[in-house]
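All remarks here apply to the structure that follows.
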Amino acid sequence: MKSKPCIASLTVKTSHVLPPDTNTHGTLFGGTLMAHIDDVAAIAAYRHARQLVVTASTDSVDFLAPVKVGDTICVEAFVTWTSNTSMEVFVKAVTEDLRTGDRKVSATAFVTMVALDDNKQPIEVPEVFPESPEEKWLYDGAPQRAAYRKERLKRSKEMAVAFGTDYPWFRNDGRNFDE
């Protein structure tokens, strides 16, 4: 399997932010931005693997600047690192005020995608190699981020077992929650 440069997976999506996309503050819903992030990350991973992909995890999404109604949101993503069947995808969202041309990074995130074969089983992906200084910086930090994700997944599984599917804190004794 031939390795590929990071740039080969570059995916860019620009959308106009309209009133239905915004909250009562006139800014883009965080969940809508997260949907854009997941969509663009999936396309970048699919381009790299040339296989179906699923989202395995999303690292924290930090909202750095508001995206206002009437602005555009440009979401860029590319594969920064690969493991056996998974790919780390860096995503950056940039908002632009079309009247002034003012642009700000509104969010960044790392999304982990897993490639799947036709039977929906994980399948090996090509390695990726960085070329620019920025790509090399992201690539060099990826093993540490992967180790952190692995530990975070372990803790998430422990919480899932501890909390289970029931609501132990829910009392069903006929009392009103406001009492």
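The values are calculated or read from the model by the stated rules, or taken from the named source; none is laboratory data. Everything numeric here is computed off the predicted structure, so don't read it as measured data. Quick reminder, even Gly has a Cβ in these numbers, built from the backbone with ideal geometry, and neighbours come from all protein chains shown.
Of note:
- Filter result (part of a loop (DSSP other than H, G, I, E, B), surrounded by fewer than 16 Cβ atoms within 10 Å (Cβ to Cβ), over 12 Å from the mean Cα position of the chain (by Cα) and touching a residue at least 12 places away in the same chain (Cβ under 8 Å)) within the stretch 25-64: H25, G26, L64
- Options D102, D71; residue that is surrounded by 15 or more Cβ atoms within 10 Å (Cβ to Cβ), more than 24 Å from K154 (Cβ to Cβ), out of contact with any helix residue (DSSP H, G or I) (no Cβ under 9 Å at 6 or more places or on another chain) and modelled with pLDDT of 95 or more: D71
- Residues of the stretch 74-85 that are crowded, with 21+ Cβ neighbours inside 10 Å and over 19 Å from T27 (Cβ atoms): A77, F78, V79, T80, W81, T82.
- Per the listing E135, E131, the residue uniquely charged (D, E, K, R), buried (at least 16 other Cβ atoms within 10 Å of the Cβ) and either at negative phi or in contact (Cβ under 8 Å) with a residue 40 or more places away in the chain (or both) is E135.
- Selected residue (criterion: farthest from V89 (Cα to Cα)) from residues of the stretch 1-24 that are in a helix (DSSP H, G or I) and in contact (Cβ under 8 Å) with a residue 40 or more places away in the chain: P19
- Evaluated against (1) in contact (Cβ under 8 Å) with a residue 40 or more places away in the chain; (2) on the phi > 0 side of the Ramachandran plot, V114 falls short on exactly one condition, (2).
- Qualifying residue in the stretch 111-120 (condition: part of a loop (DSSP other than H, G, I, E, B), modelled with pLDDT of 95 or more, closer than 30 Å to T24 by Cα and out of contact with any helix residue (DSSP H, G or I) (no Cβ under 8 Å at 6 or more places or on another chain)): no
- Looking only at the stretch 65-94, and only at residues there that are more than 18 Å from P5 (Cβ to Cβ) and in contact (Cβ under 8 Å) with a residue 60 or more places away in the chain, the one that is farthest from the chain's Cα centre (by Cα): C74
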